[in-house]
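Data first, discussion second: the structure below is written as structure tokens.
None of the figures in this text is laboratory data; all of them are computed from the coordinates on show. Just so it is clear, the structure is predicted and the values come from calculations on it, not from any experiment. When we count neighbours, we look across all protein chains shown, and the Cβ atoms used for this are built from the backbone with ideal geometry, even at glycine.
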Amino acid sequence: MRIFRRRFELLLWYLAILVVVGTAGFAALPGYDFSDALYMTVITLSAVGYEEVQPLGDAGRALATFLLMGGITGMGLWFALITSSIVEMDLAHVFRTRRTMKTLEKTTQHIVVCGAGRTGIQVIKELISSDIPYVVIERNPDKADRVRDLDEDALILEADATKDEALLQARVGYARGLVAALSLDTDNLFVCLSARDLQPNLTIVARAREEMTMGKLATAGADHVVSPNISGGIRMASLLLRPQVMSFLDVVMRTGQEPLLLEEVEVPGGSPLLGTTLAEAQIPRKTGLIVIAIKHRDERHGTFIYNPGPEEEIRAGDTLIVMGNTRQIGQLGQTLGV
């Protein structure tokens, strides 16, 4: 779009210069005032063919000929520019769609984001900052362009997310999760039903505008349902009642020079730390991370053990909840053999 805008600007400047030159030239001829000069310039540039306001001498006819040639050239450029813009935009859309579909064929373990409104954009920003692959399904071209402004390499399907075909094109069967952030709760309900049917093991997070639909979304297959209205109210109250706690959480949730993150890391089957205790693993000393909780895969019904003791054993499939920066989390992954 920028190159088209630049071309249109140059053409407008070209026509404006012709108008100024023509008006000044005709105004210098005998019997022409400013109004007559501007009128003659316009009808000459547009090749309308009306009669001359005043009889023209040799100088006037030379000026009119110059303006006529310049006007015809300008109109030709104008129509050529419009035609090329339409063709190039269509071709760009076709090539972009083909490139997206070709890239999607190799995409796995990604997040499918349905809807690129205010909520969807925030989700996309978090995925970009965390370097997590994602695919956006958005039928509104303007909202799709907003995503491209954030990430020019974003994989975007301009389609209806409530249709199974769109979810299949987004390779929901190979995705690690899905976010239903469409503007209508009924649309999010359809997305949850379709996604759960296509991928039973998919983790689905849905947004609910109305509190009464939260239960319905959960019944439709959403693992987690978020209501911005409820979450916003809780946050506002917490800022008044627990301001220091919220300030700390803001540090954890916001990104900056050295972001502080809460992250979950799953212990793989071949990890060298299998069978060791937290004291023996020495995760805080080796990585600088704080182990906040551990979730055993095969015990205690999968509940979290908060502030685990040094005797807690690390097993395959366990999930460690840790807090630290990106570099430290990367070191933990290397230590665990992820």
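Once the dipole of the chain is set up with Lys and Arg at +1 and Asp and Glu at -1 on Cβ about the Cα centre, which of THR41, LEU10, ALA144 lies farthest towards its positive end?
It is ALA144, whose Cα lies furthest towards the positive end.
Take the Cβ-Cβ distance between GLN122 and GLU211 as r, set R0 to 22 Å, and report the resulting FRET efficiency rounded to the nearest 0.05.
0.60
I need the calculated FRET efficiency for the pair VAL245 and GLN282, taking r as the beta carbon distance and R₀ as 30 Å, to the nearest 0.05. Could the numbers behind the result be given before it?
Values: r = 29 Å, r/R0 = 0.97.
Computed FRET efficiency for VAL245 and GLN282: 0.55.
Would you mind telling me the antiparallel percentage of the DSSP bridges in the chain, rounded to 5?
Values: 15 of 33 bridges.
Among the beta bridges of the chain, antiparallel pairing accounts for roughly 45 percent.
Please find the FRET efficiency linking LEU150 to MET236, where r is the Cβ-Cβ separation and R0 is fixed at 35 Å, and quote it to the nearest 0.05. All intermediate terms of the calculation are to be shown ahead of the outcome.
On the way: r = 27 Å, r/R0 = 0.79.
Once the sixth-power term is evaluated, E becomes 0.80.
Round to a whole angstrom and tell me the spacing of the C-alpha centers of the stretch 121-187 and the stretch 33-71.
The two parts, judged by their Cα centres, are 56 Å apart.
Could you give the size of the charge dipole of the chain about its Cα centre, using +1 on the Cβ of each K and R and -1 on the Cβ of each D and E, expressed in debye and rounded to the nearest 20? Intermediate results must be reported in sequence, preceding the final value.
Values: 33 positive and 40 negative charges, 94 e Å.
That gives a dipole near 460 debye.
Leaving out same-chain residues fewer than 8 places away, which lysines sit with a Cα under 24 Å from that of LYS163?
Here the lysines satisfying the reach criterion relative to LYS163 are LYS102, LYS106, LYS143, LYS216.
Identify which of the listed values of Rg and Dmax of the Cα atoms in Å was calculated from the structure shown: [x] 19.3, 57; [y] 31.8, 106; [z] 20.8, 76.
[y]
Mind giving me the nanometre distance, one decimal, between the label points for THR103 and LEU168, set 7 Å out from Cα along Cα→Cβ?
Result: 2.4 nm between the two label points.
Placing unit charges on C-beta atoms (Lys and Arg positive, Asp and Glu negative, everything else neutral), compute the dipole magnitude of the stretch 169-300 about its Cα centre in debye, rounded to 20. Write down the numbers at each step before the final one.
Details: 14 positive and 14 negative charges, 27 e Å.
So the magnitude is around 140 debye.
Select from ALA222, ALA281, ALA116 the residue whose mean-square fluctuation is largest in a Gaussian network model of the chain (Cα-Cα springs shorter than 10 Å).
Sorting by GNM fluctuation, first place goes to ALA281.
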